[in-house]
Structures are given as structure tokens and as C-alpha cells.
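Taking it in order: structure first as C-alpha cells, then the write-up.
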Amino acid sequence: MPKDSLPTFNKEVEVAEIVFEPKLSKEEKDVYRQKAQDLLDRIKKGEDFATLATAYSQDPGSAPQGGDVGFADRNTFVKEFTGWAFRLKAGEYSPVFESPDYGFFFLQVLERRGEQVHVRHILITPPTTAASLERAKGKADTVYNLIDKNRKVDFFSSAASFYSDSKETKYNGGMIINPEGETRTTYIPTDKLDPQIALVVDTMKAGGISKPVLFTDRTGKKATGYFI
């Protein structure tokens, strides 16, 4: 076969990760919990829900609609949101509650229809702070040193299961699964890797362990943690 007719294949790699997300202290989070509480108090005193949701809610999907998410079933929302949405009667407000993945919510049920509920809500998302990011870095450095001292045993997968904050990989020994493969495989073409991970992996040899690296989440927000 002529050389110019030979098919090309991307290089594939197996990659394991340990992710360290910054976590706010209770004092840091209370500032944003109170912000949500202040908005709820204003609404209960007569201010318009939709106006405040449009101005202050940090849910990009519903804020332009005044916080209205329309009708949805129990599988639509995170569990904390579902718990309140299907507990309240039409017209009632929830208290301010926290979802670890998003921040502080409160909602109002507008209408119930069988197993669906029509709600509107306001979300206040605490930002990553410099202090919380520094704490994440300190934890990442500590875990890296533990792994570095235990290179002769398979300590990385155990450390991933115990320390990682990644819900997708921690229960798989840190192994990243190819998201586009027809079967669940750990072999991933390098052009399908997260660019931040690919950049690090490109300079590593098989069996190597990177030092903690700062990353940003896939939505392009502020830096949100470290990975090894």
C-alpha cells in the first residue's frame, strides 16, 4: 500500500487522576447563604420574585425567565432541590438550602400536575476563594508526597479512591474512561483528552506521576482545583 494511502491513528493513552476541589469553610459559605436569605426575605415582604431572580440568580438557564424552570419530574433536579419541590404545596416557598454541586437555592412551587411540578427558584453560587484554593493545593501536595514515597506499590489507585473529589473517576482507581468509545475503555486518543490533561500527559513517560497542576473546569470558570 502506498505510504500516502496508509490510515493514520491518534496516539492512545491510559490516564489516572486525583482531583482536589477547593472547599469553602462554613464562615466563607455563610456569606452567600445570607445573601440568598436576604433575597427570600425581600420576596416575602412583597418584592417581585421574577425581578429579583433576573437580577441576582446565578442559574444561567432560568434567570432570564425570572427563575421559572417550567414543569419537571423528580429526575430533573438534584436531590436537594427535588426534596423541596415535591414536598411543598402550590404557592409555598422553601427555606434556603444548599446543594454541594451548585450553591444555595430557594424555590417556590407554582403548580402541581400529577408527578410533575412547576417551580421557580433563585440560585446563589459561592465563588472559589484564594484561601480555599490554597487549602486544595496543600492537600494535593501532601497526597503527592505520599504517592511519591510509595512508588514501589500500587498506592495511586488507593489514594484516588480515598482522596479524589472527582465523582467520575475516584471509584475507578482514578482511571479516566473514554467518553466517546462504544465500550467503556480506559484507552483514550490524546485528542479526546481534556486539553489541560493532555498538555501534562504529553511530557510524561508511562508510569510517571505529575506534580499537582492547577486546572479550570470545562465551563471556563475561575480555577477550581488541582489534579495529579
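A few remarks follow.
- DSSP loop GluC sites (Glu not before Pro) with at most 14 other Cβ within 10 Å excluded, longest remaining stretch of the chain: 116-167
- Least to most buried among M1, M175, M204 (fewest other Cβ within 10 Å first): M1, M204, M175
- For the pair Q34 and E14 in one chain, pulling the backbone fully straight at 0.36 nm per residue adds 2.7 nm over the alpha carbon distance.
- Inter-part distance where segment 164-215 and segment 79-118 are each reduced to a Cα centre, Å: 36 Å
- Sites R113 and K192, calculated FRET efficiency, Cβ-Cβ separation with R0 45 Å, nearest 0.05: 0.60
- Angle in degrees between helix 26-44 and the longest Cα principal axis of the chain, rounded to the nearest 10: 30 degrees
- Rounded to the nearest 20 debye, dipole of the chain from Cβ charges on Lys, Arg, Asp, Glu: 460 debye
- Segment K89..F162, full-extension length gain: 22.2 nm, with 0.36 nm per residue of separation and the alpha-carbon distance subtracted.
- Checking (i) 1.29; (ii) 1.10; (iii) 1.43 against the coordinates, the calculated Cα Rg over 2.2 N^0.38 Å falls under label (i).
- Efficiency of FRET from Cβ geometry, K26 and L214, R₀ 22 Å, rounded to 0.05: 0.30
- In the chain, the calculated helix contribution to ellipticity at 222 nm averages -9500 deg cm²/dmol per residue, counting -39,500 (n - 2.57) for every DSSP H run with n ≥ 4.
- Burial ordering of S25, S210, fewest other beta-carbon atoms within 10 Å first: S25, S210
Computed from the coordinates by the stated procedures, all read-outs in this text should not be read as laboratory data. Being a predicted model, the structure only gives us computed values, none of them experimental. Counting neighbours? That spans all protein chains shown, and the Cβs are built from the backbone with ideal geometry, glycine included.
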